[in-house]
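Read the structure below first, then the notes.
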Amino acid sequence: MNNVNNPANDRKVDHSALRTNQAFIIGLLILAFILNIWPLVAYVAAVMLIGTAVPSAAQFKLVYFRILKPRGLVKPDVKTDNPEPHMFAQLVGGLFLTASTLAFVLRVPVVGWGLAWFVVALAALNLFAGICVGCIMYYQLNRLGVSGFSRAPIQSKS
Amino acid sequence: MLDRVLLAAVLVMLGVIGWIAFNRLSVRRAAHTVAKNPDPLLAGLAEGVPVVLYFTTPTCAPCRTLQRPALNKLQTMLGTDKVQIVQVDATEQPDAADRWGVFSAPTTFILDKYHVPRQINRGVASFETLTQQLAQVV
């Protein structure tokens, strides 16, 4: 098993930023469905993929950091955690939405909306039940020693 | 557009109902498993006292910062004659986690005084939630 870990104290993730991200994803995808605007799905896919490649450019999280947090509308929830699994989860969601967009372009809207709702379900599972399916996948791949999944879970006393 | 709003509402409700049904199924499956063979996790527990079976992992931060304190408060407030708390490290006992259908931490099961699983909480369960659930199984 790969186990590249900086000291745990260096690894911090603001879970309020993650939840804001998930809320935007869910809200915009449901709005896209109601208004039947598939380009909005493509936009959410682009935000997720760009946010994975360039974390500082993650638009929905920027709303949290620049508007919600400074104004005290959402309190920070910083935890010792690895950011990589959450990035991977976002990448998986972005890829599903990319496939969804492709389905719309190919004029198969049932598949497009099906994939979009699947991402809504995954994001809702994360937001409301605290179950990050992408994170679970990441750590499983880490345990299997797959290259590129170098972060092992941070041990904590429970 | 109204039809799509309704459809969206139906899909969301189906998702919520599906989640509730999945959790109920998990509890039934756990109850069935326990009924067939006494579970070693429950060995040595006092009879007639409800149990909170708590699955955790060493990497679970919410377990440490939220769930454990809630369970500690529960034990302090109710005492050992009203509730027994069994903590299970799912990484050390993966077979137990499989038997109980646990795939994330924290997960807590509420068992009644006959040690039959009656409720499941996937994710952090607050002190208030646990108290309410225990009141229902007494």
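Coordinate-derived values only; no laboratory data. Quantities reported herein were computed from a predicted structural model and do not represent experimental measurements. Neighbour counts run over all protein chains shown; Cβ positions are idealised from the backbone, glycine included.
General remarks:
- Around the amide H of B:I85, modelled in the peptide plane, lie the amide H atoms of B:V52, all under 5 Å away and 5 or more residues distant in sequence or on another chain.
- Of all the options B:T107, B:T91, B:T56, the one that moves most in a Gaussian network model of chain B with Cα springs shorter than 10 angstrom is B:T91.
- Non-local lysine pairs in chain A, meaning eight or more places apart or on different chains, with alpha-carbon distances under 14 Å, amount to 4.
- Projected-area average for segment B:2-137 over all orientations - Cα convex hull basis, square nanometres: 9.5
- For the pair A:R66 and A:H15 in one chain, pulling the backbone fully straight at 0.36 nm per residue adds 16.8 nm over the alpha carbon distance.
- Here each label is just a point 7 Å from Cα along the line to Cβ, and for A:L31 and B:L7 those points are 2.0 nm apart.
- Angle of helix A:109-129 to the longest C-alpha principal axis of chain A, folded into 0 to 90 degrees and rounded to 10: 30°.
- Zone residues, segment A:115-129, relative to B:I20, backbone N less than 18 Å from point 7 Å out along Cα-to-Cβ: A:125, A:128-129
- Amide H contacts of B:R118 (H built 1.01 Å from N, in plane; Pro and chain starts excluded): B:I110, B:L111, B:D112 sit under 5 Å, all sequence-distant by 5 or more or on other chains.
- Measuring r between the beta carbons of B:N72 and A:L73 and using R0 = 35 Å, the FRET efficiency lands at 0.65.
- Reachable aspartates and glutamates, given that their alpha-carbon falls under 18 Å from the alpha-carbon of B:K113 and they are not under 8 places away in the same chain: B:D39, B:E47, B:D81
- Nearest 10 degrees, 0 to 90: helix B:2-36 Cα axis against chain B principal axis: 20
- Rounded to the nearest 10 degrees, the angle from helix B:127-137 to the longest Cα principal axis of chain B is 80 degrees.
- Compactness index (Cα Rg / 2.2 N^0.38 Å), chain A: 1.08
- Amide H contacts for B:V102 (H built 1.01 Å from N in the peptide plane; partners 5 or more residues away or on another chain; cut-off under 5 Å): none found.
- Hz values of 3J(HN,Hα) by residue in segment A:34-48 - Karplus curve (6.51, -1.76, 1.60), Gly and Pro given as x: 5, 8, 6, 10, 5, x, 5, 5, 4, 5, 4, 4, 5, 4, 5
- Of all DSSP beta bridges in segment B:2-137, antiparallel share, percent nearest 5: 60
- Estimated FRET transfer efficiency (B:T33, A:L144; beta-carbon r; R0 30 Å; 0.05): 0.60
- Of the residues B:K82, B:K113, B:K36, the one that moves most in a GNM of chain B with alpha-carbon contacts below 10 Å is B:K36.
- Whether the protein assembly as shown is rounded, prolate or oblate, judged on the alpha carbon gyration tensor where a/c under 1.5 counts as rounded: prolate
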